[in-house]
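Inspection log for the structure reproduced underneath, given as C-alpha cells.
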Amino acid sequence: MALRFFNTYSRELEEFEPCDPAARPIRMYTCGPTVYSRAHIGNFRAYIFEDLLQRHLELRGYKVHRVMNITDVDDKTIRGAREAKMPLAKFTEQFKQAFFEDGETLRIKRADEFPAATDQRYIDRMIEMIGVLISRGLAYQAEDKSVYFRINKFPDYGKLAHFDLAQLQSTGRVKHDEYDKEHIGDFALWKAWDEEDGDVKWDSPWGPGRPGWHIECSAMSTALLGDQIDIHCGGVDNIFPHHEAEIAQSEGVTDKKFVHYWLHCAHLLVNGQKMAKSLGNFYTVPDVLAKGYTGRELRYALLRVHYRVPLNFTWEGMNEARESLGRIDEWLARLREIAQEENVRRSSPSTQRQIEKSDFENALDDDLNISAALGFLFESIRQTNRAMDENKLDAAAARALLDWWKRINAVLDLEAQTEVVVPPELMQMAKERENARREKNWKRSDELRERISALGWEVRDTKDGQKLTRRVSV
C-alpha cells in the first residue's frame, strides 16, 4: 500500500510523494514547545504523533531530516520571566531542560535540530525576511513602530484554515501572538520594544524590538530545511493563526509552495473535558509518573488513538495501557522461551500467515491508522498464544515472530527495558500462595493475596503461573 496522509490544506487523503526524492531526505518541521511552563500531556500527545510519523517513514525506507523549534521568546515567555523576576534566558532554560527530560521518559526520538528563536543567527534571518516582505509591499511599519503583514495582499491567506477572508470583518491590526478568526487582521512580524519587554530586545532597521511568534518558525524552518518542506506538523490549535501566517510569510519571501503536506493532531481531553488548571485536571509527565505509572505506559496511552481523533485521557485508560503492555510482555517472554528450545514443535498455518503478512505496516501506511495497527498486533498475539497453549509453535516460528516484533517495536518503542524488581518477602509470599493453591487451600491462598495487595501489588493467576504487578494509586 502506498503511504497516504490527510492533508489539512486540501482536506483530503493524499498519496505521499517527497518534494525531491532523488536529492534529499524527507524534510519535516514540527512545532515544538513554548517554554513558559512545563509541557503538559496534551502537548506530548502531539509530539508522540510526530514521533510515530517519523519512525514509520524510516521503517518504510525514508531518511528523515526533522527540525523542532523551541519558542523561547514570545508574549507568554516574556510575561512569565517578568512575573518570576528572572532574566528571560534563565527563566526559559528550566523548561527547555524539562522538555528534553520528559521526551526521554516518553521515548521520543530527538529531532536533528532544536533551533531556539533567540539564537542570533535566526534573529538575523527573521529581520532579513521581514525586509523582503516590506520591499514587496507585503508588510509595513505602522505608527506604533511595529511591522505588520498585509493579509489582503496575500490572496491565499485563509486557505489552510479554510475560511474566506472576504467574508470576515478585519479588526485592522493584531499585535498579540494568539487570536481567533473573529479578531483577524494584519499580524505582527516585528514588535516595537515597550517597557513590559524589559531587557528583551534586538536592534533592527525599524528600531529596537523583538520578533512576532509566527515569523520565528518561518525563519528557522527555511534556514535549516530550505524553501520547501515535505511535511509540517502541529496541533489543530496551530492551524490558525500560526500556520496560516507561516505560509503567508514564507511564500511571500520565496514565491514557492512552502509545505506540501500539513498534518495536524487533535486535542487531548481529560475525562471528557478540556484540560485546565482551574478544573484540577491539568497533568504533566511527572504528575502521571507520581501516580505510579511508567513513561512507556503513558506513551502507549497517548499513542493508541488515531492522531486526528480527540483523545480522552483517563486513569482507567492508563490502567488499560498497563494491561495491554502486560499482554505484550508476557507474549514476548513466552516466545523467547520457546525460541531457545531445541525440541521441534509444529507451527500452525495461521501463525505462519501472521509472520508473512504486513498488515501492521499497511495500517500505518493509511494515514497512520494506529488503531487498526494495534488491533492487528493484539489479534496476532491472541492467535500465537493459542498456538503456544496447544504446543503448536516451534523455535523457528517463535524466532520469526520475534524478528517481526523488532520491526513493530522500531515504530512503537514499547518494549520493556528493565525487569520489575520484586522484593524478596513478596516473592516468598507468592511462593507460599502457589503452594496453597496446589494443595487447594483456598482460604490460605486468599489470605496471602490480601497480604500481597496490602503491600501495593496484584497477583494474577495465568496458564504460565502467578504474575505479580505493581498496583497503581489514583
Under the 7 Å Cα-to-Cβ spin-label approximation, LEU13 and GLU379 lie apart by a distance in nanometres of 1.7
Pairwise FRET efficiency - GLU178 versus ASN409, Cβ, R0 = 56 Å, nearest 0.05: 0.90
So for GLU50, GLU14, what's the accessible-area order with a 1.4 Å probe, most first? GLU14, GLU50
Compute the FRET efficiency between GLU101 and LYS467 as 1/(1 + (r/R0)^6), taking r as their Cβ-Cβ distance and R0 = 41 Å, and round to the nearest 0.05. 0.85
Multiply the residue gap between LEU402 and GLU83 by 0.36 nm, knock off their C-alpha separation, and tell me the result in nm, one decimal place. 109.5 nm
What does the helix-only formula give at 222 nm for the chain: each DSSP H stretch with n ≥ 4 adding -39500 (n - 2.57), the total divided by the residues, and the result rounded to the nearest 500 deg cm²/dmol? -14000 deg cm²/dmol
For the chain, size of Cβ-based charge dipole, Lys and Arg +1, Asp and Glu -1, in debye: 1400
Under 20 Å between C-alpha atoms, the lysine pairs in the range 44-158 lying 8 or more places apart or on different chains count 6
Anisotropy class of the range 186-250 from Cα gyration tensor, a/c 1.5 cut: prolate
If one puts a single equal scatterer on every Cα of the range 55-153 and applies the Debye formula without solvent, what log₁₀ I(q)/I(0) results at q = 0.13, 0.20, 0.23 Å⁻¹? -0.73, -1.08, -1.18
Could you size up the charge dipole of the range 4-143 around its Cα centre, putting +1 on the beta carbon of Lys and Arg and -1 on that of Asp and Glu, and report it in debye to the nearest 20? 240
Any chance you could run the full-extension gain for SER371 through GLU390? It's 0.36 nm times the residue separation minus the Cα-Cα distance, nm to one decimal. 4.0 nm
Could you list the residues of the range 429-469 with an amide nitrogen less than 12 Å from a label point located 7 Å from the Cα of ALA416 in the Cα-to-C-beta direction? 467-469
Which length gain, in nm to one decimal place, applies between GLN273 and ASP227 when the Cα-Cα distance is subtracted from 0.36 nm times their residue separation? 12.6 nm
At 1.4 Å probe size, put MET427, MET275, MET318 in order of accessible surface, largest to smallest. MET427, MET275, MET318
Cα shape, the chain, gyration tensor, a/c 1.5 rule: prolate
For the chain, with every protein chain kept in place, what is the accessible area per residue (1.4 Å probe, Å²)? 47
Report the calculated FRET efficiency for THR314 and LYS90 (r = Cβ-Cβ distance, R0 = 41 Å), to the nearest 0.05. 0.65
With all protein chains present, how much of the accessible area of the chain (probe radius 1.4 Å) comes from carbon and sulfur, to the nearest whole percent? 47
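The values are calculated or read from the model by the stated rules, or taken from the named source; none is laboratory data. Predicted model only: the values in this text are computed from it and were never measured. FYI the Cβ positions are ideal-geometry reconstructions off the backbone, even for glycines, and counts take in every protein chain you see. The protein model used for the area step is the full one, side chains on, heavy atoms only, and it has no ligands, DNA or RNA in it. Shrake-Rupley method; radii C 1.70, N 1.55, O 1.52, S 1.80 Å.
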